[in-house]
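S.K.: Okay, handing you the structure first.
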Amino acid sequence: MAGGAPSRGSGNGIYGTLLKPVWGALERYWQPICQKREGAGATSGILHLAQAQSNRGPRGRKKDFRDAERLVKRLVADELKLSFVPDWEQRLWRTLTRRRYQLTRARVQLQNQLEALLEEAHLKLSSLVSDLLGVSARRMLQAIADGETNPEALAGLADRRLRATPEQLSDALGACTELHAVYRRLIKMMLGELKVIEEHTAELNQELATLLRPHQDAVERLAEVPGLGVDSAQQILAEVGTNAAVFASDKNLCSWVGVCPGDEESAGESSSHRSPQGNRQMRRLLNQAANAAVKTKGSIFEIVYRRLVPRLGHNQTIGAVAHRLCRLIWLILRKGVRYEERGPAVSQRSRQNRTSKMIRELRTLGYRVEFLNAVPSNPMP
């Protein structure tokens with residue numbers, strides 16, 4: 001049995017960096033010894049992680065022996081609140097998905113820093129290009145870092161589909177004629193750092209695709225839900241599991257994630273309905289998915305959003321949509337069903353576009369996609 005101090009919104013049952021190696025060592029060495037020893041029972045070597053906040057003793061001087069005795073008595077009486085600790089394979093998925101999220105944040109931070117540097121150098125490229133790290137903008141930035149001083153030549157590197165005209169780009173990049181060499185070196189360093197981040201992200205994507213290839217069907221079923229995608233589906237499997245077997249019902253999953261209303265009541269009076277602290281990764285993911293789902297034209301989530309937002313406001317409505325998504329995720333994983341859109345205005349064209357996008361993402365990650373019933377009008381090569 002192991003215990004740990006709870007961290008804010010962790011929700012995964014392994015608290016702090018110090019407890020993880022201890023749990024791994026017990027699971028790898030101590031557990032097999034207990035299970036193989038002579039006369040070992042059916043429950044020998046079982047590890048439990050108790051929630052310290054829920055199972056704490058009375059205030060006073062700490063006594064380890066009495067605390068251990070109290071925890072054992074609660075465990076025997078089935079009164080001990082335990083934390084969810086996934087198996088080693090799922091913990092490996094979590095490590096990869098969370099590292100990929102860190103790289104995504106680093107990329108966004110780098111983009112903001114690059115935009116601030118260009119503004120300081122009087123290069124107004126971000127006012128004309130929607131994606132500062134897109135193909136056209138990156139070609140122009142690379143030319144500036146290599147020493148190009150002609151604004152017309154830089155404008156000629158833009159893609160033809162770019163809305164900005166060559167004259168507008170030349171005017172925005174006019175300061176490159178007198179640009180200091182320090183700014184050019186800084187831009188080159190940032191582009192190099194961006195390349196490293198993208199290479200590492202691609203490697204993590206391939207690694208995750210390889211590990212989750214046996215569960216491709218679950219990834220595809222989750223990716224069909226509005227607001228979710230292949231990347232989100234992989235994160236959900238890493239946090240919840242391939243079939244959500246630990247959670248007896250959708251309500252249990254919502255409570256563990258922290259997307260259900262709180263119930264702080266005393267003497268018959270409710271003091272707060274704030275949601276409990278749950279799994280931070282799933283809460284972030286569901287909030288992002290809810291914001292994307294309500295923007296899907298004709299979906300049921302758009303209808304729910306329009307019905308609730310006048311009364312609840314945007315933030316609480318997004319929380320309600322996230323709650324629905326969480327219950328839907330449990331149903332898809334536990335029951336093995338597929339998502340069926342019930343919205344009234346979903347066109348065949350939008351379905352085909354979403355299907356093509358999902359197939360393209362799956363094939364990029366190395367999955368094999370076959371059409372069993374019908375081939376979309378624009379099948380991927």
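S.K.: Looking only at residues that are part of a loop (DSSP other than H, G, I, E, B) and among the hydroxyl-bearing types (Ser, Thr, Tyr) in the range 234-255, which one is nearest to the chain's Cα centre (by Cα)?
M.R.: THR242
S.K.: Go through the range 112-128 residue by residue and tally those that are surrounded by 14 or more Cβ atoms within 10 Å (Cβ to Cβ) and farther than 11 Å from LEU173 by Cβ.
M.R.: Number satisfying all stated conditions: 4.
S.K.: Here are some residues: LEU96, LEU103, LEU123, LEU118. Which one is assigned by TED's automatic domain parsing to the domain that holds HIS180, closer than 18 Å to ARG185 by Cβ and not in a loop (DSSP other than H, G, I, E, B)?
M.R.: LEU118
S.K.: Regarding LEU26, is this residue closer than 19 Å to ASP87 by Cβ, modelled with pLDDT under 80 and not in a loop (DSSP other than H, G, I, E, B)?
M.R.: Spelling it out, it is not the case that LEU26 is closer than 19 Å to ASP87 by Cβ, modelled with pLDDT under 80 and not in a loop (DSSP other than H, G, I, E, B).
S.K.: Right, another one. Looking at the range 83-94, is at least one residue touching a Leu at 6+ places or on another chain (Cβ under 8 Å), within 30 Å of LYS195 (Cβ to Cβ) and surrounded by 11 or more Cβ atoms within 10 Å (Cβ to Cβ)?
M.R.: yes
S.K.: Starting from the range 76-88, keep only residues that are more than 16 Å from GLN31 (Cα to Cα) and in contact (Cβ under 8 Å) with a residue 40 or more places away in the chain, then list their pairs with residues that are hydrophobic (A, V, I, L, M, F, W, C) and part of a loop (DSSP other than H, G, I, E, B) whose Cβ atoms are within a distance under 8 Å, requiring at least 6 positions of separation or different chains.
M.R.: SER83/ILE14; PHE84/VAL246
S.K.: Determine, yes or no, whether VAL108 is part of a helix (DSSP H, G or I), modelled with pLDDT under 90 and either loosely packed, with under 13 Cβ neighbours inside 10 Å or more than 25 Å from the chain's Cα centre (by Cα) (or both).
M.R.: no
S.K.: So is ASP231 part of a helix (DSSP H, G or I) and exposed (fewer than 13 other Cβ atoms within 10 Å of the Cβ) or not?
M.R.: Answer is no for this residue.
S.K.: Quick one: which helices (runs of 4 or more DSSP H) sit completely within the range 134-213 and have at least 2 residues that are small (Gly, Ala, Ser) and within 31 Å of the chain's Cα centre (by Cα)?
M.R.: So the answer is 135-145, 181-211.
S.K.: Quick check: is even one residue across the range 137-151 touching a Phe, Trp or Tyr at 6+ places or on another chain (Cβ under 6 Å), surrounded by 14 or more Cβ atoms within 10 Å (Cβ to Cβ) and in the same structural domain as GLY192 (by TED's automatic domain parsing)?
M.R.: Within the range 137-151, not a single residue is touching a Phe, Trp or Tyr at 6+ places or on another chain (Cβ under 6 Å), surrounded by 14 or more Cβ atoms within 10 Å (Cβ to Cβ) and in the same structural domain as GLY192 (by TED's automatic domain parsing).
S.K.: Which ones in the range 57-76 are in a helix (DSSP H, G or I) and either under 40 Å from the mean Cα position of the chain (by Cα) or closer than 19 Å to LEU47 by Cβ (or both)?
M.R.: ASP64, ASP67, ALA68, GLU69, ARG70, LEU71, VAL72, LYS73, ARG74, LEU75, VAL76
The values are calculated or read from the model by the stated rules, or taken from the named source; none is laboratory data. Quick caveat, the model's predicted, so the values are computed rather than measured. Quick reminder, even Gly has a Cβ in these numbers, built from the backbone with ideal geometry, and neighbours come from all protein chains shown.
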